[in-house]
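Structure record follows, encoded as structure tokens.
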Amino acid sequence: MSVLALRHVSRSFGPIEVLHGVDIALRPGRVHALIGENGAGKSTTMKILAGYQPPSSGQVLLDGQPVSFASMGEAEAQGISMIHQEFNLAEQLTVEQNIFLGRELKRGPLLDKPAMRARTRELLDRLECRVSPDRVVSTLSNSDKQMVEIAKALLRDTRVLVMDEPTAVLTRAETAILLRQVRALRKAGTAVLFTSHKLDEVEQIADDLTIMRDGRVVWTGEAAAMDQHAMANAMVGREMSDLFPAKVSTPGEVALEVRNLTVPGFSRDIGFTLRRGEILGVAGLIGSGRTETFEGLCGLRPATGDVKIFGQPVRIDHPWQAQDLGLCYLTEDRKTRGLLLGKGLRENLTLQALSKFDRGLIDTTAEERALDQAIADFDIRGHRAAMVGNLSGGNQQKLLFAKTLLADPRIIVIDEPTRGIDIGTKQQMYVLIRRLAAEGRAIVVISSEMQEVIGLSDRILVMRHGRITGELGADATEDAIVKLAMGVATEREPA
Amino acid sequence: MSDATAPAPRRIRMTVIGPILALVLLVIAGALMNPNFLGWDNVTNVLARSAFIGIIAVGMTFVITAGGLDLSVGSMAAFIAGLMILVMNSLVPSMGAGIPVILIGMAVALLAGLAAGLLNGILITRLGIEAFIVTLGSMGIYRSLVTWLADGGTLSLDFTLRSLYQPVYYGGVFGITWPIIVFAVVVVIGEVVMRSTAFGRHCAAIGSNEQVAKYSSVRVDRVRLMTYAALGLLVGIATIMYVPRLGSASSATGMLWELEAIAAVIIGGTVLKGGFGRVWGTVIGVLILTLIGNLLNLTDFVSPYLNGAIQGAIIVLAVVLQREGKAR
Ligand SMILES: Nc1ncnc2c1ncn2[C@@H]1O[C@H](COP(=O)(O)OP(=O)(O)OP(=O)(O)O)[C@@H](O)[C@H]1O
Ligand SMILES: [Mg+2]
């Protein structure tokens with residue numbers, strides 16, 4: 001009575017087996033959550049279910065019958081859709097063209113544009129997404145892109161919807177909308193499989209739960225039997241302690257002083273100071289200009305304003321100038337801005353701090369040592385000789401971290417530090433960030449995850465519509481942040 | 001779960017052995033068809049002919065690896081040749097026909113090459129114009145400039161100078177002529193720079209994803225500019241080796257060199273979109289192209305007029321192989 005199931009499925013890439021005898025069964029009208037650490041094999045399992053990849057051994061069962069999909073098209077014809085962890089959109093086409101790509105509506109030989117337009121509007125409305133169907137996808141924010149992906153899947157009458165970390169790039173409000181859609185689909189009898197590193201979502205919506213570790217299923221059953229803490233423990237295979245390290249900061253001298261920073265089109269009159277040893281959180285809704293502000297600060301986009309680094313007035317027009325001054329920005333977008341997906345771990349790791357390895361010729365032995373160190377320090381799992389594009393999402397994030405830190409910045413701006421990272425690794429990252437602060441570095445953390453901002457920061461700036469609307473202390477409440485982010489309250493609370 | 005320290009799977013890839021295989025097959029075919037093929041004379045002849053395109057193609061490898069393109073190198077060479085000859089001829093009355101004049105001519109060639117390359121690079125990086133457009137434009141400009149300098153005809157080097165200068169093409173040490181030696185030196189340096197310097201790494205990074213390079217504090221524009229400047233300089237060097245061969249320059253000098261250089265780079269396995277390049281591959285690409293011409297001349301199996309057709313087919317084949325290497 002399961003619609004789609006895997007029986008004893010294993011999967012190897014080259015000589016390496018990454019799934020070992022996985023069993024999972026999706027039932028109609030139920031939401032099934034698949035959770036596990038980075039690299040546990042969640043995406044691979046999902047791809048096999050949705051016909052994107054064949055299993056190396058074992059069976060895929062559709063309505064109890066073994067099937068082998070020759071292509072994803074065949075799986076789609078059976079009513080199975082998948083939304084990938086990485087976007088699968090044609091960047092140069094419009095929203096509407098993407099939604100109907102490959103299944104354009106026609107009237108006679110011509111495209112039926114009005115009908116497609118109406119259907120697109122309707123789908124986007126259902127998702128409460130306000131982008132115009134005419135917008136070119138490359139100009140959309142990540143969360144809007146995700147909504148387009150979801151609209152694309154909703155268009156098809158799906159019996160099985162597989163979603164790989166659909167909420168990783170969504171805000172809370174957007175996540176709520178998505179979860180509403182998922183409930184509607186469940187009611188209509190669709191079997192939904194999704195994965196997320198946000199365990200509160202899992203607790204909220206999952207009926208069934210499967211937990212994977214190191215390519216094996218370690219627990220499966222009714223989701224109600226597990227609370228978040230139990231899930232986290234089962235995922236990492238050990239008892240999880242507090243997620244956030246203690247806030248023991250002893251702020252030192254002023255490291256960064258920003259006045260009247262304006263990034264045309266994104267933010268205006270930004271001013272703040274940051275001390276050594278401090279973690280400054282930056283909260284705000286997606287689209288509030290946080291990323292652009294700090295990209296402007298670091299010379300990644302045109303900006304004006306007065307910036308002082310350790311008391312010295314500086315002018316930063318290019319990212320390398322920022323780095324020379326000890327200021328680094330760690331991007332939120334690891335796929336298109338952070339890592340060279342077609343290159344190996346070593347080349348990615350050392351790209352930002354290549355001069356450290358430059359003795360006329362590049363010292364590859366030193367590079368290899370640095371890679372050993374990074375793999376150990378950040379617990380990067382995956383094939384050492386792999387292309388970075390083949391690492392699991394979370395492991396890519398860890399590599400990106402390692403890469404930026406290799407440049408040994410004194411001031412680090414970290415944009416969405418734990419996007420797509422499992423809870424065990426998150427904890428490690430938080431400890432790491434706190435340790436960086438304790439070493440006397442000055443740290444800015446931009447995050448859309450409220451708990452993260454609150455749990456990690458010594459002070460919190462809240463941005464709205466490209467301006468700072470308030471500053472809160474370490475004891476800030478979620479409520480206070482939301483108020484400032486939405487523009488309900490605008491007073492500056494004493495820090 | 002895979003182990004982060006597991007050894008790399010060794011896979012022989014078609015993109016690596018493809019060009020080598022093709023070269024070996026050509027050599028075997030040549031040796032079977034004509035006994036003189038592997039003779040010293042023919043081998044040095046092939047290498048010397050490869051040298052001009054080869055020197056340029058090494059520079060082109062860097063430009064393409066960094067995601068650029070330069071269509072102007074052929075006419076740039078013609079222009080530099082014309083300029084060099086004019087300058088040297090004009091110095092003969094005051095300085096006499098001696099070595100100093102030739103040295104000045106060489107310096108002019110190097111400077112002109114560097115300047116022309118910088119100009120391309122500045123237009124591309126500072127003004128943000130598509131490389132294809134910029135170099136298509138400069139290709140036309142240099143070609144017409146050399147025609148104008150030669151007044152539609154041929155510029156010939158002063159007769160005495162010519163015999164003084166000729167050893168640069170025909171002479172050498174241990175029976176190896178200078179063009180081959182210079183080519184070899186350029187290749188070795190190019191390979192080392194591509195493989196193990198920060199500059200080579202940066203070229204590949206920019207070519208595979210410019211955004212990532214920028215966010216990683218790579219000085220994208222400067223590296224790009226340097227690839228064009230280096231290519232210009234190498235065109236200057238190639239021209240220095242080329243002028244003594246005929247002692248003249250006309251509007252037909254260096255015709256289609258850009259295409260041969262680009263073809264050699266692609267046949268050698270460098271990715272046209274950028275992001276990955278290898279200099280040794282380019283050398284093999286150049287040798288393949290020259291050998292085809294040479295073979296057709298030595299045998300009367302196929303008409304030499306079909307040279308272009310065969311070269312074209314090989315280029316397409318090389319790109320197909322590249323794609324398969326990626327899709328596997
Ligand atoms: N195409 C591939 N080639 C080689 N190895 C791969 C490939 N795809 C995945 N892997 C490896 O398989 C393992 C499982 O990866 P997978 O993407 O399924 O993990 P995941 O559970 O989705 O992790 P995350 O939470 O980080 O997204 C990883 O070690 C990864 O490096
Ligand atoms: Mg995944």
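The values are calculated or read from the model by the stated rules, or taken from the named source; none is laboratory data. Only a predicted model underlies this, so the values are computations on that prediction, with no experimental measurement involved. Because the Cβ atoms are built from the backbone with ideal geometry, glycine has one as well, and the counts that use them run over all protein chains shown. Ligands, DNA and RNA are excluded from the accessible area calculation, which covers all protein heavy atoms including side chains. Shrake-Rupley method; radii C 1.70, N 1.55, O 1.52, S 1.80 Å.
On the protein heavy atoms, probe 1.4 angstrom, tell me the percent of accessible surface of the stretch A:104-162 carried by carbon and sulfur.
49
Say the dipole of chain B comes from +1 at the beta carbon of Lys and Arg and -1 at that of Asp and Glu; which of B:TYR142, B:THR61, B:PHE159 then lies farthest toward its positive end?
With unit charges placed on the Cβ atoms, the residue in question is B:THR61.
Skip the ligands, DNA and RNA, and give the accessible area per residue of the protein assembly as shown with a 1.4 Å probe, whole Å². Spell out each step's value before the answer.
Values: 34690 Å² over 823 residues.
Counting only protein heavy atoms, the per-residue value for the protein assembly as shown is 42 Å².
B:THR197's amide H: which non-local residues (gap 5+, or another chain) put their own amide H closer than 5 Å, with H modeled 1.01 Å from N in plane and none for Pro or chain starts?
Under 5 Å from the amide H of B:THR197 lie the amide H atoms of A:ILE362, each far enough along the sequence or on another chain.
Please work out the ratio of the alpha-carbon Rg of chain B to 2.2 N^0.38 Å and round it to two decimals. Each step should come with its number before you reach the end.
On the way: Rg = 20.6 Å, N = 328, 2.2 N^0.38 = 19.9 Å.
So the Cα radius of gyration is 1.04 times the expected 2.2 N^0.38 Å.
What does the accessible area of B:TYR169 come to, in Å² to the nearest 10, when a probe of 1.4 Å is used?
30
Please give the charge dipole size of chain A, origin at the Cα centre, charges +1 on K and R Cβ atoms and -1 on D and E Cβ atoms. Round to the nearest 20 debye.
Details: 61 positive and 64 negative charges, 179 e Å.
Dipole about the Cα centre, nearest 20: 860 debye.
First measure r as the distance between the Cβ atoms of B:THR44 and A:SER57, then evaluate 1/(1 + (r/R0)^6) with R0 = 60 Å and state the FRET efficiency to the nearest 0.05.
Working: r = 58 Å, r/R0 = 0.97.
So the FRET efficiency works out to roughly 0.55.
I need the per residue convex hull volume for the stretch A:254-486, using only the alpha carbons, in cubic angstrom as a whole number.
Values: hull volume 27.5 nm³, N = 233.
Per residue, the Cα convex hull of the stretch A:254-486 comes to 118 Å³.
What do you reckon, how do A:GLU86, A:GLU128, A:GLU452 stack up by accessible area (1.4 Å probe), largest on top?
Numbers: A:GLU86 70, A:GLU128 90, A:GLU452 0 Å².
The residues order as A:GLU128, A:GLU86, A:GLU452, largest area first.
With everything on Cα atoms, drop me the angle between helix B:73-95 and the longest principal axis of chain B, reported from 0 to 90° to the nearest 10.
With both axes taken from Cα atoms, the answer is about 30 degrees.
Whole-Hz ³J(HN,Hα) for each residue in the stretch A:100-109, computed from phi via Karplus 6.51 cos²θ - 1.76 cosθ + 1.60 with θ = phi - 60°, x for glycine and proline: what do you get?
So the Karplus estimates, Gly and Pro as x, are 9, 4, x, 9, 4, 7, 10, 10, x, x Hz.
Nearest 100 Å² is fine: how much accessible area is buried between B and A, summed over both sides, with a 1.4 Å probe?
Numbers: alone 16160 and 21400 Å², together 34690 Å².
So the buried area, both faces added, is about 2900 Å².
Give the separation of the Cα centroids, the stretch A:153-190 to the stretch A:199-219, in Å.
Between the Cα centres of the stretch A:153-190 and the stretch A:199-219 lies a distance of 17 Å.
Quickly work out the B:ALA107-to-A:HIS8 label distance, labels modelled 7 Å from Cα along the C-beta direction, and quote it in nm with one decimal.
Output for this residue pair reads 8.2 nm.
At a temperature of 37 °C and a viscosity of 0.692 mPa s, determine how fast the stretch A:337-420 diffuses translationally according to Stokes-Einstein, using the Kirkwood radius over alpha-carbon pairs as Rh; express D in µm²/s, rounded to the nearest whole number. All intermediate terms of the calculation are to be shown ahead of the outcome.
Working: Rh = 13.0 Å.
After rounding, the answer is 252 µm²/s.
Scaled to the compact-protein estimate 2.2 N^0.38 Å, what is the alpha-carbon radius of gyration of the stretch A:123-232, rounded to two decimal places? Spell out each step's value before the answer.
Details: Rg = 15.0 Å, N = 110, 2.2 N^0.38 = 13.1 Å.
It is 1.15.
Please state, to two decimals, what the Cα-based radius of gyration of the stretch A:262-389 comes to when divided by 2.2 N^0.38 Å (N = residues). Please list the in-between numbers first.
Numbers: Rg = 17.3 Å, N = 128, 2.2 N^0.38 = 13.9 Å.
Relative to the rule-of-thumb radius for its length, the stretch A:262-389 sits at 1.24.
Calculate how steeply helix B:198-208 sits against the longest principal axis of the alpha-carbon atoms of chain B, using the helix alpha-carbon long axis, and give the answer as 0 to 90 degrees to the nearest 10.
Rounded to the nearest ten degrees, it is 70.
Between the stretch A:385-436 and the stretch B:138-172, what's the alpha-carbon centroid distance in Å?
A separation of 58 Å, based on Cα centres.
May I ask for the percentage of alpha-carbon pairs in the stretch B:1-153 that lie more than 21 Å from each other?
Values: 7588 of 11628 pairs.
Roughly 65 percent, rounded to a whole number.
How much FRET efficiency would the formula 1/(1 + (r/R0)^6) give for A:HIS229 and A:ASN390, where r is the Cβ-Cβ distance and R0 is 30 Å, rounded to 0.05?
E(calc), rounded to 0.05, equals 0.40.
Please go through the stretch A:358-451 and write out the GluC sites (Glu not before Pro) that DSSP classes as loop and that have at most 11 other C-beta atoms within 10 Å. Intermediate results must be reported in sequence, preceding the final value.
Details: sites: A:GLU367, A:GLU368, A:GLU439, A:GLU449; in loops: A:GLU439, A:GLU449.
Those satisfying the criteria are A:GLU439.
Mind checking which of B:THR61, B:THR227, B:THR44 has the largest fluctuation in a GNM of chain B, springs on alpha carbons under 10 Å?
The residue that fluctuates most here is B:THR44.
For A:GLU122 and A:ARG180 in one chain, what is 0.36 nm times their gap in residues minus the Cα-Cα distance, to one decimal in nm? It would help to have the intermediate numbers written out before the result.
On the way: separation 58, 0.36 × 58 = 20.88 nm, distance 1.58 nm.
So the extension gain works out to 19.3 nm.
Would you mind pulling out the separation of the Cα centroids of the stretch A:273-340 and the stretch A:60-136, in Å?
37
So what does A:ASP134 come to for accessible area, using a 1.4 Å probe and Å² rounded to 10?
Rounded to the nearest 10, that gives 90 Å².
With Kirkwood's inverse mean 1/r over C-alpha pairs for Rh, give me the Rg to Rh ratio of the stretch A:399-483, two decimals please. Can you show the working numbers first?
Details: Rg = 13.3 Å, Rh = 13.7 Å.
Result for the stretch A:399-483 is an Rg/Rh of 0.96.
Which of the listed residues, A:LEU154, A:GLY326, A:VAL248, is farthest toward the dipole's positive end in chain A, when Lys, Arg count +1 and Asp, Glu count -1 at the beta-carbon?
Among A:LEU154, A:GLY326, A:VAL248, the one farthest towards the positive end of the dipole of chain A is A:LEU154.
Considering the dipole of the protein assembly as shown built from charges on the beta carbon (Lys and Arg +1, Asp and Glu -1) around the Cα centre, which of B:ASN120, B:LEU21, A:THR139 is farthest to its positive end?
Farthest towards the positive end: B:LEU21.
Tell me the angle of helix A:423-438 to the major Cα principal axis of chain A, expressed in degrees between 0 and 90 and rounded to the nearest ten.
10
With θ set to phi - 60° and the Karplus curve 6.51 cos²θ - 1.76 cosθ + 1.60, what are the ³J(HN,Hα) couplings of the stretch A:337-354 in order, to the nearest whole Hz, using x for Gly and Pro?
Once θ is set to phi - 60°, the couplings for the stretch A:337-354 become 10, x, 10, 8, 5, x, 10, x, 5, 5, 5, 5, 4, 9, 4, 6, 10, 4 Hz.
At q = 0.04, 0.07, 0.08 Å⁻¹, work out log10 I(q)/I(0) for the protein assembly as shown with the Debye formula, treating every Cα as an identical point scatterer and leaving solvent out; two decimals please.
Summing over Cα pairs of the protein assembly as shown leads to -0.22, -0.65, -0.82.
Could you work out the helix-only [θ] at 222 nm for chain A, with each DSSP H run of four or more residues adding -39,500 (n - 2.57) and the total divided by the number of residues, to the nearest 500 deg cm²/dmol?
Values: 16 runs with 161 residues, N = 495.
Value at 222 nm, helices only, nearest 500: -9500 deg cm²/dmol.
In nanometres, what is the gap between the two model label sites at A:SER141 and B:VAL173, each 7 Å from Cα along Cα-to-Cβ?
For A:SER141 paired with B:VAL173, the spin-label model returns 6.7 nm.
Return the equivalent ellipsoid semi-axes of the stretch A:91-147 as a descending list in whole Å, where each equals the square root of 5 times an eigenvalue of the C-alpha gyration tensor.
20, 13, 8
Going by amide H atoms built from the backbone, whose H comes under 5 Å of the H on A:SER10, apart from near neighbours?
Here A:GLY21, A:VAL22, A:SER56, A:SER57, A:GLY58 satisfy the definition.
R0 = 51 Å: FRET efficiency of A:LYS247 with A:LYS113, Cβ-based, nearest 0.05? Before the final figure, lay out the partial values.
Details: r = 56 Å, r/R0 = 1.10.
Working from the Cβ atoms, E equals 0.35.
To the nearest 20 Debye, how big is the dipole of the stretch B:50-274 about its Cα centre, given +1 on the beta carbon of each Lys and Arg and -1 on that of each Asp and Glu? Spell out each step's value before the answer.
Working: 11 positive and 9 negative charges, 91 e Å.
Dipole about the Cα centre, nearest 20: 440 debye.
Round to the nearest 10 and report in Å² the accessible area of B:SER248, as given by a 1.4 Å probe over the protein chains' heavy atoms.
My reading of the accessible area for B:SER248 is about 30 Å².
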